[in-house]
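See below for the structure under consideration.
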Amino acid sequence: MDPMQETTTLVQIKGLRDGLLATLSDAAWEEQRIALLSQIDERPAFFQGARLAMDVGAQILKVNDLVELRDQLSERNVALWAVVSESPTTEKTAQLLGLATRISKPRPEEGRQFSVTDLGEETALFLNKTLRSGTRIEFPGHVVVLGDVNPGAEIVAEGNVIVWGRVRGMIHAGSKGDRGAVICALDLSATQLRIADEVSAMLKPQKDPKPEVASINNEGRLQAEVWNI
């Protein structure tokens, strides 16, 4: 079995109103832990800044188990905030660490692919809403969002992406290799961006955010500059 497929089988990730929910299988804890971290390492931009809840079923976990995982998640800029379990021991352990043990029901993940035919290369998709965690939008043209892109949300566009709001999720412009694509937003704080095959370093949150446009410069690197609207 493909390693990525195996980790997906051991750990299922869904969107919650308050973040992401990782539902673990009945495998040994060490396998589950490795599978969860592997998923995060495979898609670091998706998980950056996310709040993670875990449903561990009947797994019995001690303080050291959860402390170790919490630290490893923190190193990846992921915050563990809740552990749901059928085990009284695990539930007590989570409570001792200040973690929640009750969460809202997960909403269905919203993943949408939009297809267009014979509308030309300037076709754009307009979304008049904030994209919440668990939402993935794919479009073979440009994407314009009137709202925010929250942690755990993704946009994959073959053209440019313009966000009239704050970006904290993952955006991939020029997904088919267009290195001339750009990403524009009123606030590009605390996110990881991708244009064609270039991936940005983690952008630091700004105290006084300004509109920015990200593009690939003459040196072939992805950079963000002030967007003169």
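Across the range 169-179, what is the total count of residues that are under 14 Å from Gly134 (Cβ atoms) and part of a strand (DSSP E or B)?
Number of matching residues: 1.
Each row is one residue, and each column tells you yes or no for (1) within 25 Å of Val199 (Cβ to Cβ); (2) in contact with a strand residue (DSSP E or B) (Cβ under 6 Å, 6 or more places away or on another chain).
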| position | (1), (2) |
| --- | --- |
| Ala45 | yes, yes |
| Gln48 | yes, yes |
| Arg51 | yes, yes |
| Val56 | no, yes |
| Asn64 | no, no |
| Glu68 | no, no |
| Glu75 | yes, no |
| Thr89 | no, no |
| Lys92 | no, no |
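Taking into account only those residues within the range 18-45 that are in a strand (DSSP E or B) and of a type outside the set (Gly, Ala, Ser), which is farthest from Ile155 (Cα to Cα)?
Leu24
Go through (1) at pLDDT 90 or above; (2) outside any helix (DSSP H, G or I) for Lys92 and report which single condition fails.
Answer for Lys92: the failing condition is (2).
Which of (1) loosely packed, with under 13 Cβ neighbours inside 10 Å; (2) modelled with pLDDT of 85 or more does Asp208 not meet, given it meets every other one?
(2)
The values are calculated or read from the model by the stated rules, or taken from the named source; none is laboratory data. The model shown is predicted, which means the values in this text are computed figures rather than measured ones. Virtual Cβ from ideal backbone geometry, glycine too; neighbours counted across all protein chains shown.
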